[in-house]
Each structure stands twice: as C-alpha cells, then as structure tokens.
Amino acid sequence: MKADKLESVGILAGGIAHDFNNILTSILGNICLAKMQVKHEDDIFDLLSAAEKASMRAQGLTRQLLTFAKGGAPIKETASLQKLIKESSLFMLQGSKSVCELQIAEDLWPVDADVGQISQVISNIVINANQAMPEGGIIRIAAENLMPEKIDEVPINKGKYIRISIKDQGVGIAEKHIAKIFDPYFTTKQAGSGLGLATAYSIIKKHNGHIFVVSLPGTGTTFDIYLPVSDNRIQVKEEAVLLKGRGKILVMDDDEHLKKIAKKMLDMLGYESELARDGDEAIEMYKKAMESGKPYDTVFLDLTVSGGMGGAEAVKILLKMDPEVKAIVCSGYSGGEVVSNFREYGFKGMMPKPFGLHALGKVLNDVLKMTGS
C-alpha cells in the first residue's frame, strides 16, 4: 500500500511541478522583459529584481515535489556547500523561537551535488529539529573535511568526505522509531506527511553519500550527512551577460502563454521564431522549412505535451529527417532522466523551466557555437 501511495504521489507531484514551472517561466519571462525597458537606477527596476528573485526561490518548491516523481535524478555541479548550508538553515528558522549556531570549515572541500536537492535535505532536517523543540532551543550545525583515515569511525566506503552534522536539543527519538524514520509516510507528528526524512535519505543516496542518525530520548538528535569529495575544480561563474544572436528558431510547447512569452524573449535576443503546439506539428513545420531551403537553426522541444507527442519522441523522428538537427529539450521536470542525460537522447542542449532571458540567450549561444553555426 505504501509503494502504491508513493507512486501516486510521484505522478501527482510530477504533474503539479510541470504546470507550476510553466507558470513560473511566464512570470520570469515577463519580469525579464519589463526590466529591459526601465533604467537600473529606477525604483521599479529594484522591485522587478525582487520579484525575479522570489520567482526563482519558488522553484525550490517544485524540487520538493519532484523528489518522489519519476524525474528525481540530481543535476550535479561541482560546488562548495558553505554558503548553501548557512542560507538554508537560517532561512528555515526565520520567525521561530530556535537559533542556529554554525561551525563550518572555511576550506570546506567541494562536492559534486545538485545544490537545490542538498538545500532541501538541510531544510527538511532543520525543520524537524525546530519542531522537536516547541519552546525553542539551539540547533548546532557543523561542516568539516574528513580524510580517509577518519572514515574508520563510520561504516562507509573509504575516501575523502565532507560531514555535515545537525544537532538539536529536542525530545529525541524513541529507540523503537529509529529504524523507521527514513521510511516514506512514517511520522510521529499529528501534522506532517512523513516524507521529509524519506526525501533526505533518497537525495543523499543519489549523491553516493550516507546519512546517519543518533538520538536518545531527552538528549536531542544528531543527523550526520557524508558526501564524497569531488576531484573537479569549482567553475568560476562569470557575470551574467545577455547573449544575443541571429537565427530561425522553432519553439514547441503546449502552453500558449509560455509560447507567447518565449517568442517575445527570442525577439528581444534578436532571433526569428515560430511556434508549434506539439511534436507532430513541430515535425511538419521542420520538414517544410527544410524543403523551402530556409531550415531552422535550432528547435526547442517541450518534454511533456498534454495529449500529444512530446520532445523525446519528436527528436527521434527529427534526427532521421536531419541527423544534424540542433534540438534543445525544455522541461518543467528539471531533474528528469532525459534532462539529466539529454545528449544520450539526441539533444544538443537542455533548458529547465523556469528560465529567464539570460539563460535562454546562453543556451542558444552555446548550442549554435558548439555546432559551428
């Protein structure tokens, strides 16, 4: 019964996340276009920037929904988690009686992680810690580097790890419940879904990490999270530059509002665009464009189309027509298998929703440059 319920939650969550990300894309697109029409020193520019940041934070809600959907695979980048740990924990305690004490190594080693999902893990555990202290208390969060010889203390594979410890002063967890706390739908709270710690466990496992809990009634609870250290260097993020270009773009999506805003954004970036409602129409339009001698330079394909052919099926047909097709997968299921491994499915790029003007310009520039256009 739990497995059936979990599958139902996944289907529901995926659908909600998809629709929600479409709406967020329209909101972000309109904000980006509005910002282009006002001066940086105007008060309205600051208001629009605040709305833009809030819209991007709303994307975190969909990440929670997608953890139990079929598309919960992490999209990893090499990153340091210092800032993320601090921001996630402090944000969750805003307005509560509890306070957070942080002890984070300044030289914390980088990990390969989906930063949104790891933020979700920290948030879920901090929420639990806060709820375990109804009258408030101190939540101590530490993050440190562990050399391989230190791993002998815990039953995990040898190697370099970072350890994140979250300790509360709460009522603790009864011994009979310890073995069940990571089970979906297990909860001792009157209000709660029982998915928070199951989500955390699932995410850490997908990152090849480990999560342990130590608790005694009346003495509080400690969660220890171990994440393997990355061999890669952290990529220095360049200042966002609006990349414009030229070309003929086909956009396939079943959301009319999203298509209209995408067209306006592409116009702003200097591209000529045409719109298709599903995979069948996109294939027909692509074929006619090739026959006319004026082919599309790039085609955006929405992964999931209500009642029609989606992007994964459409790109297979397009590749048979034109092995050099420059297809970009666009999806509200940002952690899905196709999005995570888009090249294996025949795409040259991917565009998770929601997206703004800068992200749209960058993915087009990358794909066109990569293919020598």
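The values are calculated or read from the model by the stated rules, or taken from the named source; none is laboratory data. Please read all numbers here as calculations on a predicted model, not as lab measurements. So basically every Cβ, Gly included, is an ideal-geometry build from the backbone, and we count neighbours across all protein chains shown. The area values use the complete protein model at the heavy-atom level, side chains included, leaving out ligands, DNA and RNA. Shrake-Rupley method; radii C 1.70, N 1.55, O 1.52, S 1.80 Å.
Filtering 295, 354 for residues that are in contact with a Ser or Thr (Cβ under 8 Å, 6 or more places away or on another chain), assigned to a loop (DSSP other than H, G, I, E, B) and either touching a residue at least 40 places away in the same chain (Cβ under 8 Å) or open to solvent by less than 50 Å² (accessible area, probe 1.4 Å) (or both) leaves a single hit, 354. In the set (1) touching a helix residue (DSSP H, G or I) at 6+ places or on another chain (Cβ under 6 Å); (2) closer than 24 Å to residue 198 by Cβ; (3) in a loop (DSSP other than H, G, I, E, B), residue 133 fails one condition alone, (1).
Filtered by the rule that a residue be open to solvent by less than 100 Å² (accessible area, probe 1.4 Å) and modelled with pLDDT under 80, segment 143-158 gives 151, 154. If the condition is being charged (D, E, K, R) and under 30 Å from the mean Cα position of the chain (by Cα), then segment 289-308 contributes 297, 302. If you go through segment 336-350 and keep only what is open to solvent by less than 10 Å² (accessible area, probe 1.4 Å) and modelled with pLDDT under 90, you end up with 336, 339. Does segment 10-56 hold any residues that are of a type in the set (Gly, Ala, Ser) and modelled with pLDDT under 85, and which are they? Scanning segment 10-56 gives 10, 13, 14, 15, 17, 54, 55.
For residue 105, state whether it is surrounded by fewer than 18 Cβ atoms within 10 Å (Cβ to Cβ), of a type in the set (Gly, Ala, Ser) and modelled with pLDDT of 90 or more. Steps first, answer last, please.
Numbers: surrounded by fewer than 18 Cβ atoms within 10 Å (Cβ to Cβ): yes; of a type in the set (Gly, Ala, Ser): yes; modelled with pLDDT of 90 or more: yes.
It is true that residue 105 is surrounded by fewer than 18 Cβ atoms within 10 Å (Cβ to Cβ), of a type in the set (Gly, Ala, Ser) and modelled with pLDDT of 90 or more.
Can you say whether residue 304 is within 30 Å of residue 207 (Cα to Cα), buried (at least 18 other Cβ atoms within 10 Å of the Cβ) and of a type in the set (S, T, N, Q), as far as the supplied structure shows? For residue 304, the condition - within 30 Å of residue 207 (Cα to Cα), buried (at least 18 other Cβ atoms within 10 Å of the Cβ) and of a type in the set (S, T, N, Q) - is met.
Scanning segment 109-136 for residues that are among the aliphatic types (A, V, I, L, M) and either within 19 Å of residue 203 (Cβ to Cβ) or open to solvent by 40 Å² or more (accessible area, probe 1.4 Å) (or both) gives 111, 113, 115, 118, 121, 122, 125, 126, 127, 129.
Counting only strands (runs of 3 or more DSSP E) that fall entirely inside segment 69-126 and contain at least 2 residues that are more than 15 Å from the chain's Cα centre (by Cα), the qualifying elements are 99-104.
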